[in-house]
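Enquirer: Here it is, the structure in full.
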Amino acid sequence: MVETFLRATLLGVQLGMTLALIAAGLTLIFGMLDVINFAHGALYMLGAYFGAVIAVELGSFWLALLLAPLLVGLIGAAIEVLSLRPLYGRNPLYHILLTFGFAIMIQGAIVQIWGGQARRIAQPDLLTGTLSIGSLNYPIYRLFVLVVSTVLIAAVWLAIDRSNLGILMRASAHDTEMVDALGIDVSKVFTSVFVFGAVLAGLAGVLLGASRSVNPGMGMGIIIEAFVIVVIGGLGSFRGAVYAGLLIGLVTAYGALIAPTLTDLFLFGLMAVVLMIKPNGLFGTTEAA
């Protein structure tokens, strides 16, 4: 019983940190650009498919982990520059409809190019097998995902909170005219934020694609979980996305252990409770923090 509980806890923390990686990109884009990006799940899915193709064609999981997020970032740059940029300052409904349209287009393109059959990204030999933690044997690959996700989340958090780049990002979001008057191209800052969010989504797609099925429906499932995390954590709060991601990961793992058929009920029930107590979310704020 103890071993089962420990396994569920490790799984929940690993899932939570990976979900936080996805939600972090989503909440950064909203907090800095004021854009609700419904295409974020599709970019995650695109990362998984790019990773699957690269891993097969080049025979390397590590190249897939490096190149797939960069390709997703390039597509994210094209979306932001060519379509979202002219809509800044308008009613948020424009952004929602546009990004939702991109999500449908990307999903359709994936089905057209790679078909509807599920794929899998092969795990590297270095990360196969299990590791003994006391009496518990746990997959090495899942521990790898946990470590990578945790390091990335910590690095992004420090960059936003402590670096000059983070200060510039927050300043651009709060007072665009002043930053522009100082000679800084705010449009490039916004593009960089959107691209970075897309890269995080693509990276999560590769990481989870090696332990989950890569299929045309995976983007819709993940975007629902990501929005639940963002709402619970607080719109625009990076810290909230991390804490809520961990919370959702643990609820999912324990829920699957206790009542697998009621996992979704637990997630949305938790969101409803949080919103009743704190309508703005746990760390509700209009800026990434």
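The values are calculated or read from the model by the stated rules, or taken from the named source; none is laboratory data. Nothing here was measured: the structure is a model prediction, and the numbers come from that model. We place every Cβ from the backbone using ideal geometry, glycine too, and count neighbours over all the protein chains shown. When the accessible area is computed, the model is the full protein with side chains, heavy atoms only, and any ligands, DNA or RNA have been set aside. Shrake-Rupley method; radii C 1.70, N 1.55, O 1.52, S 1.80 Å.
Enquirer: Relative to 2.2 N^0.38 Å, what does the C-alpha radius of gyration of the range 130-233 come to as a ratio? Two decimals please.
Expert: Expressed relative to 2.2 N^0.38 Å, the Cα Rg reads 1.42.
Enquirer: Find how much the distance from LEU168 to ILE224 grows on full extension, using 0.36 nm per residue of separation minus their present alpha carbon separation; answer in nm with one decimal.
Expert: 17.1 nm
Enquirer: Shifting gears a bit: Once the cut-off is 11 Å, how many percent of the Cα-Cα pairs in the range 139-186 end up in the long-distance tail?
Expert: Tail fraction, whole percent: 70.
Enquirer: Then there is this: Counting only residues 5 or more places away or on other chains, whose amide H sits under 5 Å from the amide H of LEU131 once H atoms are built in the peptide plane?
Expert: Those qualifying (amide H under 5 Å, at least 5 residues apart or on another chain) are TYR138, ILE140.
Enquirer: Right, next: (i) 0.97; (ii) 0.94; (iii) 1.03: which one is Rg/Rh (Cα atoms, Kirkwood Rh) as calculated from this entry?
Expert: Answer label, from the structure shown: (i).
Enquirer: What is the spread of the Cα atoms of the range 153-289 along each of their three principal axes, largest first, in whole Å?
Expert: That gives 56, 37, 23 Å along the principal axes, largest extent first.
Enquirer: Another question about this same structure. Using a 1.4 Å probe and counting only protein heavy atoms, arrange SER192, SER237 so the residue with the most accessible area comes first.
Expert: Accessible-area ranking of SER192, SER237, largest first: SER192, SER237.
Enquirer: On to the next question. Pop out the carbon and sulfur fraction of the accessible area of the range 134-190 as a percent, whole number, probe 1.4 Å. Numbers along the way, then the final one.
Expert: Numbers: 2050 of 3240 Å².
Ligands and nucleic acids excluded, carbon and sulfur give 63 percent.
Enquirer: Relative contact order for the range 198-289: what is it in percent, counting Cα pairs under 8 Å that are at least 6 residues apart? It would help to have the intermediate numbers written out before the result.
Expert: Details: 84 pairs, mean separation 32.0, N = 92.
Computed over the range 198-289, the figure is 35 percent.
Enquirer: Sort out for me the Cα centre separation of the range 27-101 from the range 154-198, rounded to whole Å.
Expert: If you average the Cα positions of each part, the centres end up 18 Å apart.
Enquirer: Would you mind computing the Rg to Rh ratio of the range 5-125 from its alpha-carbon coordinates, Kirkwood style for Rh?
Expert: We get a ratio of 1.02 for the range 5-125.
Enquirer: Further question on the same structure: Any number yet on Rg/Rh for the range 28-93, C-alpha, Kirkwood?
Expert: Radius of gyration relative to Kirkwood radius: 1.10.
Enquirer: Please compute, for the alpha-carbon atoms of the range 54-134, the extent along each of the three principal axes and give them in descending order in Å.
Expert: Computed over the range 54-134, the largest-to-smallest principal extents equal 54, 34, 23 Å.
Enquirer: I'd like to compare 152-158, 62-68, 270-276, 39-45: which one has the highest average count of other Cβ atoms within 10 Å, and what's the full order after that?
Expert: Going by the mean number of other Cβ atoms within 10 Å, highest first, we get 39-45, 62-68, 152-158, 270-276.
Enquirer: Just to confirm, what accessible area per residue do you get for the range 115-176 at 1.4 Å probe, in whole Å²?
Expert: 59
Enquirer: How do ARG170, ARG239 rank by accessible surface area computed with a 1.4 Å probe, from largest to smallest?
Expert: ARG239, ARG170
Enquirer: Then there is this: Running a GNM on the chain with Cα contacts under 10 Å, which residue among THR18, THR150, THR176 ends up with the highest mean-square fluctuation?
Expert: THR176
Enquirer: Per-residue counts of other Cβ atoms within 10 Å, averaged by peptide: what ranking do you get for 201-209, 132-140, highest first?
Expert: 201-209, 132-140
Enquirer: How high is the relative contact order of the chain, in percent, counting Cα pairs under 8 Å that sit 6 or more residues apart? Please list the in-between numbers first.
Expert: Numbers: 469 pairs, mean separation 108.4, N = 289.
Averaging sequence separation for qualifying contacts and normalising by length gives 38 percent for the chain.
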